[in-house]
1. Out of the range 7-19, which residues are touching a residue at least 12 places away in the same chain (Cβ under 8 Å) and loosely packed, with under 14 Cβ neighbours inside 10 Å?
2. Scan the range 110-123 and tell me whether some residue there is modelled with pLDDT of 55 or more, closer than 17 Å to P4 by Cβ and surrounded by 12 or more Cβ atoms within 10 Å (Cβ to Cβ).
3. Take the range 17-41 and flag every residue that is more than 16 Å from the chain's Cα centre (by Cα) and either of a type in the set (K, R) or more than 17 Å from P7 (Cα to Cα) (or both).
4. Picking from A62, A96, which residue would you name as being more than 16 Å from the chain's Cα centre (by Cα) and not in a loop (DSSP other than H, G, I, E, B)?
5. Does S160 satisfy the condition of being part of a loop (DSSP other than H, G, I, E, B) and modelled with pLDDT under 85?
6. Six or more apart or on different chains, Cβ atoms under 6 Å: show the pairs whose first residue is in the range 64-75 and touching a residue at least 40 places away in the same chain (Cβ under 8 Å) and of a type outside the set (S, T, Y) and whose second is assigned to a helix (DSSP H, G or I) and surrounded by 11 or more Cβ atoms within 10 Å (Cβ to Cβ).
7. Run down V36, V56 and say which single residue is surrounded by 13 or more Cβ atoms within 10 Å (Cβ to Cβ), modelled with pLDDT of 80 or more and either among the β-branched types (V, I, T) or not in a strand (DSSP E or B) (or both).
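The values are calculated or read from the model by the stated rules, or taken from the named source; none is laboratory data. The model shown is predicted, which means the values in this text are computed figures rather than measured ones. Note: ideal-geometry Cβ built from the backbone for every residue, glycine included; neighbour counts use all protein chains shown.
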Amino acid sequence: MAEPSGPFVVLRDGADRYLCYCRPASGPGSAATVYVTDALEMWAARLGGDPPEDGVAELRAALGRGAASLGLRDGAATLRLREGHEALLLPRLPAAEARPQLQALLFAMTARVRDLEERLEVLGTLSYSPEKNTFQSQQPILPGRPQPQKEQGCWLHFASKKKDPRRVPH
């Protein structure tokens, strides 16, 4: 089973939110699939096109630009690209088929989050405290910018003017 791939986009249908994403083709001759889920149910459809990856690239581009809308009616989802393309009808998957897809999505997103956390740690902008089981953000030190000093819970004024001894007040 191929890993889900982005963009991962949250679409709305009224007040309800749905996650939309693609899964690339698993091999030659197979088509990519677009999925929509509310984490309880899942809708899916294979993407066509000439070649099939053209449909995936077009959908990804539209999702990345925020140029898609979603509607749910009669157990099916309709994904419409706002650029005047045809709507894509996504039938609801049976629970037995949706469960492994949701599980694959959950673990793929968890791996991406962990990868991002590791990258931030390398950059020094995030530190993990195992004792507190929390992440703490640290501002990167930028050259040429004064760094604030903490003393007794107050921020000291770090922007001070130096007096020019040659300058005489009038």
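1. Taking the range 7-19 and keeping what is touching a residue at least 12 places away in the same chain (Cβ under 8 Å), we get 7-9, 11-13, 16-19.
Residues satisfying the conditions are R12, D16, R17.
2. Filtering the range 110-123 down to residues modelled with pLDDT of 55 or more leaves 110-123.
Now narrow it down to the ones that are closer than 17 Å to P4 by Cβ: 110-116.
Right, trim to surrounded by 12 or more Cβ atoms within 10 Å (Cβ to Cβ) and you get 112.
Checking the range 110-123: at least one residue is modelled with pLDDT of 55 or more, closer than 17 Å to P4 by Cβ and surrounded by 12 or more Cβ atoms within 10 Å (Cβ to Cβ).
3. Result: S26, G27, P28, G29, S30, A31, L40, E41.
4. Numbers: A62 fails: more than 16 Å from the chain's Cα centre (by Cα).
Going through A62, A96 in turn, the sole match is A96.
5. Working: part of a loop (DSSP other than H, G, I, E, B): yes; modelled with pLDDT under 85: yes.
When the stated conditions are applied, S160 passes them.
6. What qualifies is A68/A62.
7. On the way: V56 fails: modelled with pLDDT of 80 or more.
It is V36.
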